[in-house]
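Novice: Got a structure here, written out as structure tokens. Questions coming.
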Amino acid sequence: MKAAVCEGYGTPEVVRIREVPTPVPANSEVLIKAGATTVDSGDARMRGLHVPRGMGVAVRLRFGLTKPRQPVFGFDVAGQIEAVGAEVTRFQPGDRVVASRDLALGCHAEYVTVAEQGAIASIPDKLSDRDAVALCFGGSTALHFFERGKLAAGEKVLINGASGAVGVMAVQLAKHRGAEVIAVCSGANAELVTSLGADQVIDHTTEDFTRNGQHYDVIMDNHGSATYERVKSSLKPGGRVLMVYGEVWPTIAASWQKAVVRGTASISTAHLENLMSLAERGAIKRVVDWVLPFAQIVDAHRRVDSGHKVGSLVLTFGDDH
Ligand SMILES: NC(=O)c1ccc[n+]([C@@H]2O[C@H](COP(=O)([O-])OP(=O)(O)OC[C@H]3O[C@@H](n4cnc5c(N)ncnc54)[C@H](OP(=O)(O)O)[C@@H]3O)[C@@H](O)[C@H]2O)c1
């Protein structure tokens, strides 16, 4: 099968499409024939080692010293089950599913194995593979942080970085929870985030949201510029900061603050089922920046590196583009 192999750390050109052995599902795994996957900020960060300052060595120790130990990136996949292991009971060949391998990666490939007990959910008939996969990375991350931050109906939440993969899902999911949503993005994306339900949009290129006198129950930082030190005076009593991305020192400085939720999002079947169900009912929709054929994965990495993609960047396999 073809897979996108990351042959070192560096620019997008280190990613090459190669022939690799097709994986064989273990007894408790399913084998998915990929219809669509995404190239996410996480893939681009790891490929280029665009990690928080001071974290380069730790990341190399964890993921590979001179090149990635798992050279095939990709957090999520949507497609059709091709084969199942002997102990699998929930799925059968032909089922359409969306799944995440999270930090085990490996989804930038024509075939992907996923544990039946991993993060895997059926795709409703109404949704295409590209619809389903575009909801995963950002949607699961937003759900994870809203759960841990206990975002409640009636609360006022500011989402810094509201137009990327996490942001567009966070805006919609926060509205769905009954929160008042203030979105921070560039002016070019104001109309989009308003259409997703934002009650107010702040253009980060012209306005500093920490200086407008407003106060929030929850501030979600998807960009790294809303550090606890910078935003603490914009929090209401009992307010929380959801640090989806943060540089090392602001993260360490905030680590003793009970008001700060940080760490890596974990993606579960429940998250994926929730996202599929909400999308099926029209309560949320996917936002897609570019759809490219798998063969153009290097272009996809370049686009993600811009730091200004809008929603998810989807790659399709076969004829589905
Ligand atoms: N903790 C975790 O488990 C976890 C999980 C997923 C992602 N992440 C991290 O979360 C971050 C966001 O991920 P993503 O996939 O949503 O990234 P993305 O799709 O690349 O989006 C980044 C967004 O940042 C916005 N932005 C750029 N400059 C900004 C500024 N000065 N102020 C405010 N916003 C600005 C951009 O909006 P405009 O173009 O409108 O400026 C863009 O929409 C990434 O750093 C990623 O590594 C962490």
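Novice: Once you place label points 7 Å from the Cα toward the Cβ at Lys150 and Ser277, how far apart are they in nm?
Specialist: The answer from the label model is 2.3 nm.
Novice: Using only the Cα atoms of the range 1-153, build the gyration tensor, take square roots of its eigenvalues as a ≥ b ≥ c, and label the shape rounded, prolate or oblate: rounded if a/c is under 1.5, else prolate if a/b is larger than b/c, else oblate.
Specialist: Verdict is oblate for the range 1-153.
Novice: Are any of the pairs Lys232/Lys258; Lys156/Lys236; Lys236/Lys258; Lys126/Lys309; Lys67/Lys309; Lys236/Lys285 more than 21 Å apart by Cα-Cα distance, and if so, which?
Specialist: Lys126/Lys309; Lys67/Lys309; Lys236/Lys285
Novice: Okay, next question. Want the number for Arg60 to Glu19: 0.36 nm per residue separation, take away the alpha-carbon distance, what's left?
Specialist: Extra length available between Arg60 and Glu19 comes to 12.2 nm.
Novice: Further question on the same structure: Report the gain in length on full extension from Glu191 to His50: 0.36 nm times residue separation, minus Cα-Cα distance, nm rounded to one decimal.
Specialist: 47.8 nm
Novice: For the range 22-57 and the range 128-173, compute the distance between their C-alpha centroids and round to whole Å.
Specialist: 20 Å
Novice: For the ranges 205-213, 285-293, 108-116, 233-241, what's the packing order if you count other beta-carbon atoms within 10 Å of each residue, average per peptide, and put the highest first?
Specialist: Descending packing order for the listed peptides: 108-116, 285-293, 233-241, 205-213.
Novice: Putting +1 on Lys and Arg Cβ atoms and -1 on Asp and Glu Cβ atoms, find which of Val15, Ala270, Gln200 reaches farthest to the positive end of the dipole of the chain.
Specialist: Of the options given, the answer is Gln200.
Novice: How big is the gap, in Å, between the Cα center of the range 287-316 and the Cα center of the range 182-208?
Specialist: Each part reduced to its Cα centre gives a spacing of 22 Å.
Novice: Oh, and also: Straight-line reach from Lys33: which aspartates and glutamates have Cα under 19 Å away, leaving out those fewer than 8 places along the same chain?
Specialist: Partners within reach: Glu19, Asp76, Glu82, Asp95, Asp102, Glu110, Glu116, Asp125, Asp129, Asp131, Asp319, Asp320.
Novice: Can you give me the Kirkwood hydrodynamic radius for the chain, using every pair of distinct Cα atoms, in Å to one decimal?
Specialist: 19.9 Å
Any read-out appearing in this document is the output of simple, stated calculations on the displayed coordinates, not a laboratory observation. As the structure is a computational prediction, the values presented were derived from the model and not from experiment. Note that each Cβ is placed from the backbone with ideal geometry, even for glycine, and that neighbours are counted across all protein chains shown.
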